[in-house]
1. Given a Förster distance of 51 Å, report the FRET efficiency between A:D357 and B:S341 from their Cβ-Cβ distance, rounded to the nearest 0.05.
2. When averaged across all projection directions, what area in nm² does the alpha-carbon convex hull of region A:45-108 cover?
3. Report the calculated FRET efficiency for A:V382 and B:T186 (r = Cβ-Cβ distance, R0 = 35 Å), to the nearest 0.05.
4. Over chain A, calculate the relative contact order: mean separation of alpha carbon pairs under 8 Å at least 6 apart, over the residue count, as a percent.
5. What's the extension gain from B:E199 to B:N263 if we count 0.36 nm per residue and subtract their Cα-Cα distance?
6. Enter the Cα centre distance for the pair region A:277-327 and region A:358-389, rounded to the nearest angstrom.
7. Which whole-number percent is the relative contact order of region B:178-264 (Cα, under 8 Å, 6+ apart)?
8. Considering every residue in A:395-406, what mean count of other chain Cβ atoms within 10 Å of its Cβ is obtained?
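Bear in mind these aren't lab numbers, they're just calculated from the coordinates by the rules spelled out. Since the model is a prediction, treat every value here as computed from it, not as a measurement. Methodologically, a virtual Cβ is constructed for each residue, glycine included, from the backbone with ideal geometry; neighbour enumeration extends over all protein chains shown.
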Amino acid sequence: MTAPTAETPPVLRLRHLSKQFGGTRALDDVALDVAGGAVHGLLGHNGSGKSTLIRILAGYHAPEPGGELELRGVPVRLPLRPGQFRELGMAFVHQDPALLPALTVTENLRIGAFARGSLGRVSWRREAAQVGALLAEFGIDCDPLARVERLRPWQRPLLAIVRAVDEVRRLTAAQGVRDGLLVLDEPTAGLGDASVERLFAVIERIKAAGFGVLFVSHDLDEVLAITDQVTVLRDGRVAGDGLTRALGKDALVEMIVGHRIERRTTAAATTPDGPPLAAVRDLRGPGVRDASFSVGRGEILGMTGLIGSGFAEVGALLAGALPARHGTLRIADTEQALPGLTARRAIATGIAYVPADRLRTGCVGELTVGENIGLPVLDRLVRGGVLAPRALAEHAGALCRRFDVRPADPTLRLEALSGGNQQKALLAKWLQLMPRLLVLEEPTQGVDVGAREQIFAAIRAWATDGAAVLCLSGDHEQLALLCQRVLIFRRGRIVAELAGADVTEERMAHECFASAAEQPV
Amino acid sequence: MNVSPPPPSNPSDAAARPASSGTAVGGRVGAAARGASVPPASGASLPPASGTSPAPTRGASLRRLIDRYALLLAWIATIALFGVLEPDTFLRAANFTSMFSSQAVLVVLTYALLVSLTAGEYDLSAAPVLTLSAMVLAILNAQLGVPVGVAILLALAAGGVAGVVNGILVVWVGIDSIIVTLGTGTLVSGVVLWISNSEMVSGISQTLVNWVIVPRLWGVSFGFVYALGLTVALWYVLDYTPLGLKLLFVGRGRRVARLSGLNVGRLRFGALVACSLLAAFAGVLYAGTSGAADPNSGDSFMLPAFAAAFLGSTAVRPGRFNAWGSFTAVYFLVTGITGLSLMGIQIFIQDLFYGMALIVGVTLSLLVRRREQRERDVAETPED
């Protein structure tokens, strides 16, 4: 049915597509066909090569020689120029809708058309009527003259998609091209279930209009729900492809993860002795719809999920870096409300938050290692009214040696250190405050193997000494090595808990990719 | 147990620690001794563990030394140049004492900007506040007969009010400081024209004049002594107190500062108020220097002050706004202007010179920071 036949060549045909970055092969001999009037899923873990493939189509990367690209049966020479995709009848919609919130729906949708169209007076009434018709065609109910910032959040991605469709139509009409190609890159990230269904309704109409849609996602359930065909990438290679319905969920999970997963029954969670040291109840805020959990003394609790599932925001919410809407936090015997929590108070309560974005939120790279480490305790280092640079260097130097920051020279700029040493310096900065709840976000991102072991050891030592540790990460291997218990997030909620022998990479991957259908959400 | 846990034990065993270099045996002592100044030219190799960054080389530390004193050398070179070109007039002691004495106002205004720039805020209202303060002082003292001491306090208070308004708009309302201070600065200029009737007000008490411009120490006026004292004070605050470092973090990484528990709002507010107070003090010095206040007196200081602040941030502590660097920068610029005017070059050269100095200063300070970043970027791979 949707399979390409000799008479109707696929809208997009890729063959032998490879891309090398330094020592890693991001794409290796990938083939992909997207038929007109069909939705084709592109599935894979982070780093599987999905983004690289899209960037090649967008003309952002040049593939290795030997790659072939055909659009509607016509060969196109690679690499593409940046922006050439427009002429070829392609459009991209990325996670960030790139709409101007202060402008109206009509202005946002026609902004390209003004530039290319009549230079004279713009007839707003005609433009609005055209946009209204376009929105009606795809079943989107909103006022063309409303400002985008006034729309419901879920309407924005729909607008971006319709804008892309409109753009492709306008450009291809002139060239007599019929079938366009729409690339949707993680279009559902951050959307709730109901919004995802609305988005799917729009995609169905786009499909009915004859477009080929490349639906890029790592969300298995969505791919199962909306796509006709699917290609799974793993480590830059095609791990499998075919008709979505024929393959089914288990086969797809296996292709994504790379080995067969045995379905095991969840073992009873091993709760640590005594009452939990830190307990969070009914946490709600950006990205998190509802989460309650507790961490025991000496426990390292992991949190994971797909991108946009909300686990990554938990740390910022607990540290006062993001505003919580609802929820309470109890550490030992003191309970406080999370809304209105400032970073200052979070620190005073005994929370330390080591963010993933080291050089933007963790520390200031152009200042020295000593200054960065000393920042939270500057007032304690004053002697006789003077904060001597020597006192600061001595204090930080001792910490550098304790956490094995190399080189252990506090006068170096922090950005001059390697990622692993930056992270060790950050741990030193926060552990000197003796936090009772240590929240780590992607603690070994961009960290080499040797430093990773040291960071693990420091985290374990801190937990063993009686603190509670929360580790937020999309790296399942790391969580399996560190954590006694792991919570899986999906659409802002905790949907599964793994403990003890169940804390394995396979189980986590399985729960992340395939848990939603089994869980009441 | 409800106390916080003790510090964790060393995560690595002794063998994993870096071998101490020859100069830094015993770690603590060595690190402390070299902690203050230039990073060590460590030729001793660290263990070949993965992930260690290269230690700075001897060439890097030499280059850093040149960076620090380039502006001082440029100043000396300028003096030498004009000494050769205009030996009779330029090299006279009187010329130097007058240069040092006359620029105290500019030095103090530059420091006002230094405080706000360190906290990451641009204060374009500093020069109008200088004028306001001088004018308030002149009107109170010369026209209304208020004792000069009281008049000075009220002039400073006027500056403080301007700073509080800036602080409220920038920190509480959350408007960009450039826009806010462009507005308040223009508003303040309007107030000055209004209260002064757009005319110069003279006749300020001779006591103030005596305490500012009459030569005291080796022929240099007290105004210069105040400026020098302020340099030391600012040097102390920025380099030797937690406050200085906190302001720096607020300016360079507001998010980092907030997450590290600093009260970022209060620090920014305080920086803007301090900036206005210092600008008002510059106004007091101005009134003392000329014995009068002119409704346009601050205008000519605005650009030189920004030029000196940015040029100064390329010297002494390159990459940071700092007191001694700005001090050097002010006198470098003034020496250039004085020399050129002694050669009989027309007055427009001032604008050319200061305008160029601002652009060069900003460019250089950007290049200093960018070069340091480039050293880092080389090591990092661009792709995932």
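1. Values: r = 52 Å, r/R0 = 1.02.
With R0 = 51 Å, the Cβ-Cβ based efficiency is 0.45.
2. That works out to 6.3 nm², a quarter of the Cα hull's surface.
3. Working: r = 41 Å, r/R0 = 1.17.
That pair, A:V382 with B:T186, gives E of 0.30.
4. On the way: 1052 pairs, mean separation 76.6, N = 521.
Contact order relative to length: 15 percent.
5. Details: separation 64, 0.36 × 64 = 23.04 nm, distance 4.34 nm.
My answer for the length gained is 18.7 nm.
6. Their Cα centres are 28 Å away from one another.
7. Values: 31 pairs, mean separation 8.3, N = 87.
This gives 10 percent for region B:178-264.
8. Working: counts 2, 2, 8, 4, 1, 3, 7, 7, 4, 8, 2, 10.
Per-residue shielding by partner chains comes out at 5.
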